[in-house]
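Contents: one structure, followed by commentary.
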Amino acid sequence: MLELAGWSVQDFKKANIHAKRGVAIRNFPLNPGHGFADYILYVDGQAAGVIEAKKVGTTLTGVELQSSKYKDGLPESLPAWFRPLPFCYESTGVETRFTNGLDPE
């Protein structure tokens with residue numbers, strides 16, 4: 001789905017955040033206690049958001065707590081658009097939830 005939308009989907013160990021305007025890096029290790037994000041989204045070489053991927057049929061309500069933990073876990077040494085990362089997605093590939101951390105409402 002990400003590739004169809006124009007993203008370059010890459011593995012963490014071989015990632016090049018400048019390969020394309022939008023790069024999605026899978027299985028991204030975060031700071032201790034934050035686990036691994038299914039995907040970190042880079043736009044123009046800076047981290048901008050996270051995706052928590054779930055199986056089709058999973059109820060996404062409540063999954064946002066997991067992705068919210070990931071948005072706070074990006075190592076400080078990595079470039080980011082904002083901290084914490086402002087955009088959180090939870091998706092089954094069929095259904096997607098989105099939280100815009102820049103929108104106060």
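The set of residues in the range 61-90 being assigned to a helix (DSSP H, G or I) and either at pLDDT 95 or above or surrounded by 20 or more Cβ atoms within 10 Å (Cβ to Cβ) (or both) consists of 67, 70, 71.
When residue 93 is tested against (1) assigned to a helix (DSSP H, G or I); (2) under 17 Å from residue 1 (Cβ atoms); (3) not polar (S, T, N, Q), only condition (1) is not met.
In the set 17, 51, which member is over 20 Å from residue 100 (Cβ atoms), aliphatic (A, V, I, L, M) and in contact with a strand residue (DSSP E or B) (Cβ under 9 Å, 6 or more places away or on another chain)? Break it down stepwise before answering.
Details: 51 fails: over 20 Å from residue 100 (Cβ atoms).
After ruling out the rest, the residue left standing is 17.
If we scan the range 25-48, do we find a residue that is assigned to a strand (DSSP E or B) and without any contact (Cβ under 8 Å) to a residue 12 or more places away in the chain? Yes - at least one qualifying residue is present in the range 25-48.
If you go through the range 22-29 one residue at a time, do you hit one that is polar (S, T, N, Q) and under 20 Å from residue 101 (Cα atoms)? No, the range 22-29 contains no residue that is polar (S, T, N, Q) and under 20 Å from residue 101 (Cα atoms).
The values are calculated or read from the model by the stated rules, or taken from the named source; none is laboratory data. Note that the structure is a prediction, hence the values are computed from the model and not measured. Cβ: placed from backbone, ideal geometry, glycine included. Neighbour counts: every protein chain shown.
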